[in-house]
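Heads up: the structure comes next, in structure tokens.
Where a number appears in this text, it was derived from the coordinates with a stated rule and is not lab data. Every value quoted in this text rests on a predicted model; they were computed, and no experiment measured them. Here the Cβ is made from the backbone with ideal geometry for all residues, glycine too, and neighbour counts use every protein chain on show.
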Amino acid sequence: MGMRNLSQVGLEAMERMDLPGDLTAGVPRMELVGNRQFFMVQHKGVLSYSPEAIEIGGGSMTVCLTGRDLQLLAMTDGELRIGGYIEKVELVL
């Protein structure tokens, strides 16, 4: 039996657990910590930025955050973190 890469093993495990396959298929993962921090993995870049609204590319969707004193705390090619008072997170398909 040949070697399988980690993503193949992960997809097979998700199928066995009957979980949706898109969880590992390059779909962004987002996490909201209270109303003060937002994390996103596998983003496609910041589309617009102000202290009241930030739009983030997510591939097939745009993630729109609105609030007060929003700021980009950290950003790499793969993930970003936003802080401030987050009032709304909207997914635009």
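Under the convention that each Lys and Arg Cβ holds +1 and each Asp and Glu Cβ holds -1, the size of the dipole of the stretch 40-87 around its Cα centre is about 60 debye. Within the stretch 54-93, which residues have the backbone N less than 12 Å from the label spot 7 Å out from R36 along Cα→beta-carbon, could you tell me? In the stretch 54-93, the label zone of R36 (backbone N under 12 Å from the point 7 Å along Cα→Cβ) covers 83-86.
For a distance above 17 Å, tell me the whole-number percent of Cα pairs in the stretch 32-93 that qualify. Provide the component values of the computation, followed by the final result.
On the way: 511 of 1891 pairs.
Roughly 27 percent, rounded to a whole number.
Of all GluC sites (Glu not before Pro) in the stretch 26-93, which ones are in loop regions per DSSP and have a Cβ with at most 16 other Cβ atoms within 10 Å? Walk me through the numbers before you get to the answer.
Numbers: sites: E31, E52, E55, E79, E87, E90; in loops: E52.
Filter output for the stretch 26-93: E52.
Taking amide H atoms as placed 1.01 Å from N in the peptide plane, the amide H of G58 lies under 5 Å from those of K44, V63, each 5 or more residues away in sequence or on another chain. Charge tally around K44: other residues with Cβ under 14 Å, Lys/Arg +1 each, Asp/Glu -1 each, net -2.
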